Structure formats: structure tokens, C-alpha cells
Amino acid sequence: MKILLALCLVATTLAFEDVLRDVLKSPKATLQLYGDFKAKEHLNYLHSEDRMRFRLFRANAELVAASNEKGGDAVFGLNFFSAMTEDEKQQYLGLNVTGHDENPLHVASTLPSAPSSKLWTNSGQVTAVKNQGSCGSCWTFGAVGGLETRYQQVSGKLRNFAEQEYLDCVYEGRRNGCNGGWPDHCYTYSKNNGGRLASTKDYKYAGRDGTCRGSSKPNAMIAAKIVGHTNVGRTESANIEALATGSLSVAFQDDSCTGRANHAVTAVGYTPKFILVKNSWGSSWGDKGFVKFGRGYNSRCMLFSYSSYPNLVSTGQTDKGSNDEATSYHPKDDDDNVDPDPQPDPDCKDRASNCRSFHCKYENIAEEYCRKTCDRCGSSDCPSGTIRCSDGVCRHEHMC
């Protein structure tokens, strides 16, 4: 299973040998890449397990190289799933679509026409990327993400709401929320409990389903309360129209883009070229925790099939708290998915043909295959986050 190796899903053209293919031709370089990967992900295995993990890593690296060499509309890269077993990967999902039909193709709407671009990240209305860990609680993160920009618009305050309250309380006494759930059930829970939801500050995420403590935690929905939810029509245009008014809880199929949706996330903006999605696997995944889905592909990976957002009404009260942390990720409206040229020494060249900036986080790729792209062309100053080792090569300090 590919399990979201994609770093970006914006249209591009890649019809040449992938940089990873160059690395994989050399057993020594492949082992060095694996060492870089483990250091970056803070992984340490016993000898017997390390051999198994290396085989998984190498197979995934082959898959990434082959996928990029096919060309098409996606850029693929290694991430923290690259040395996991299939069972381990499954734990990071958690959307349970059993018993849920896709949204109707068309839903009556009185929403205003949408502007050409709207990126809620760029206006301080999206919280920093979170990490659900190996609990299958993505449904809570999708629901909370669909709430936060809408509450901000009513209250003027960005709130980091508590996924843990939904995880503990929505299915209390019925089943374990880490085994999956449905985002709309979160909104129903809030509606049935006075429209409430705690903040993460007061109800911290634990990554496991526990006893519901909602009634004993302060309600962070001060200026507005949740009174229900709205399902969005199953088309790109309907989703764009709804997304122009606030973030959306959305779902998609994460490996082959066929079959049933299995992962819930949050749509947080769009441009004429892409729809911006916030994931809940930490900032080391994808593009600092986000991913861009190319426009114009109808229901790409079922992205438009289960979209919804909460209905809020003002309480008449003022949220006097300070804003919670907003994401620092601010993509450009005219982002064309081309990495900027760092303009190194013109006589310095990349050995590989398709180096990109995300390759630079792996030391041996940056130094051996992508020197120009990664600004390793003899400058006296090392790139940010690295130092010059005794052999004259710029590396992360722990690798000298």
C-alpha cells in the first residue's frame, strides 16, 4: 500500500529517471540514505529488526522512484511510513465509512459565489499541524479542522479545539474511537451537549480513547455553539463554494484513489491550481503537514464525496481569550509547484536529473546527487541547520 507517499498532488511533468534511482543503483548509497532516514526520524532498531526495516525502506524507495518515473500529476517522496509494515500503516487511518452513503451529487445552496482563491492558512485562521499518532482518530481531526476557521469568523479568535473530547466522548461505552469514526458524529455530539467543545489546552490529546470528561472541562465555544452540520454536494464546484466560506471536514482514499474513503482530513483553502488540505500526521509529512490536490479532476481520490462543516450560531458572548497558535505555512496563490533555484555556482551541477528541495533533507542525496539544487557548491556558509564537519562537508551536527 502506498499510504500517501505523495508529497504533493499538483499537476507537474516528471518523465525522467528519479533521483532515488541513482541512489538505489549503489548499495552503499542506499545504506547511507537509510541511515539519513533513521537519523531524521529518530529511529533506532536492534540488528535483527533493522534488516527487516531496511528491506521495507528499500522497497518503498523503489516504489517512489518508479512512481515518479511514470510521469503524471504527482510528486512522490519518502516519509515516516517508509519503514513501516502494512499493519502499522493502517493504524494511522481511522475513517469508518460503513453505513454512510456518499453525499448527494447536488445539494441546494444559497452560498455566495466563490472568489478565485481563498487560503485560510494565509489569514491566521488555521491552527498549526497536529499529529494523531498511531490512534485511528483522523475523524476527530477532520471535524475539529472543519470547525476552527468558522469559529474564528464568528468570534474573531482562533481556537485550538480538543480532538480528545470527541475521541473520548462520541462513542463512549460503544466502541474504541481509535478504531475509527465519522466526523459528522462529532458535530452531533456537540449539538446534543449544548453546542460545546473544550480547547486542547484544557483537554489535551492523549492518542488513546479514555473516559469522557467533557462535562468537567471548560467549554471553549464561547462566542458560538454547534447546532448541527451541513453536507456539501459531491462536486468540485460545490466544495469550492463551501470552502470559500470556511474550512471543511473532508475524506479521501489514501493509497490507490479507488475504493472506499479511509482517511479524514481538513480542506483549508484553494487556488485555481490546487485544493489545500491539512493532514494530522505531523509537520514532517508531505509539505510541512499539508498536501495540494490538483484542480479539475472531478472527485480526485473521493475528496469531494463526504465533505461537511458545522453549523454555528452566535451565543452573544465575547471570547476574551488570546488567539491560539496559527500555522506558519503560507503557500502562494500562484504556486506552480516548482522549487526556487538557489542560484549556486553555475559550474556546479546536479548528478541527478530531477532534484528538488525536499531531497536536501537527506544528506547523501544533497551532497552526492543534488549539489546545485541543495546549495552545496562550495559556499563558505553551510545551509541552515547544518555545520561544516572536519572533512569539509556540510552536515547536520550529529552526522559529523
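For the range 300-314, the candidate set comprises residues that are crowded, with 16+ Cβ neighbours inside 10 Å and out of contact with any His (no Cβ under 9 Å at 6 or more places or on another chain); within that set, the residue that is modelled with the lowest pLDDT is R300.
Report the residue count in the range 195-220 for those that are loosely packed, with under 15 Cβ neighbours inside 10 Å and in contact with a strand residue (DSSP E or B) (Cβ under 8 Å, 6 or more places away or on another chain). Number satisfying all stated conditions: 1. When the range 221-243 is limited to residues that are more than 19 Å from Q153 (Cβ to Cβ) and among the small types (G, A, S), the one that is surrounded by the fewest Cβ atoms within 10 Å (Cβ to Cβ) turns out to be S237.
Residue by residue, here is whether (1) outside the structural domain of S307 (by TED's automatic domain parsing); (2) free of Cβ contacts under 8 Å to residues at least 12 places away in the same chain; (3) among the charged types (D, E, K, R) holds:
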site: G194; (1), (2), (3): no, no, no
site: K204; (1), (2), (3): no, no, yes
site: G207; (1), (2), (3): no, no, no
site: S216; (1), (2), (3): no, yes, no
site: A223; (1), (2), (3): no, no, no
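The residues of the range 277-335 that are in contact with a helix residue (DSSP H, G or I) (Cβ under 6 Å, 6 or more places away or on another chain), closer than 16 Å to L248 by Cβ and in a loop (DSSP other than H, G, I, E, B), listed by number, are S280, F304, S307. Within the range 134-187, the set of residues being touching a helix residue (DSSP H, G or I) at 6+ places or on another chain (Cβ under 8 Å), among the small types (G, A, S) and within 27 Å of D87 (Cβ to Cβ) comprises S134, G136, S137, G142, A143, G177, G180, G181. Filter the range 255-284 down to residues that are free of Cβ contacts under 8 Å to residues at least 24 places away in the same chain and of a type in the set (S, T, N, Q), then give me how many there are. Residues in the range 255-284 being free of Cβ contacts under 8 Å to residues at least 24 places away in the same chain and of a type in the set (S, T, N, Q): 1 in total.
None of T149, T140 is surrounded by 18 or more Cβ atoms within 10 Å (Cβ to Cβ), in contact with an Asp or Glu (Cβ under 8 Å, 6 or more places away or on another chain), within 28 Å of V232 (Cβ to Cβ) and in the same structural domain as S249 (by TED's automatic domain parsing) except T140.
Cβ-Cβ contacts under 7 Å between residues 6 or more apart (or on different chains), taken from a first residue in the range 19-36 that is hydrophobic (A, V, I, L, M, F, W, C) to a second residue that is part of a loop (DSSP other than H, G, I, E, B), are listed as V19/A352; V19/N354; V19/C355; V19/Y369; V19/C370; V23/Y369; L33/Y362. Determine, yes or no, whether I365 is closer than 28 Å to V19 by Cβ, modelled with pLDDT under 80, assigned by TED's automatic domain parsing to the domain that holds A74 and among the β-branched types (V, I, T). Here the answer is no, as I365 does not meet what is asked.
The values are calculated or read from the model by the stated rules, or taken from the named source; none is laboratory data. Everything numeric in this text was worked out from a predicted model, so none of it was measured. Note that each Cβ is placed from the backbone with ideal geometry, even for glycine, and that neighbours are counted across all protein chains shown.
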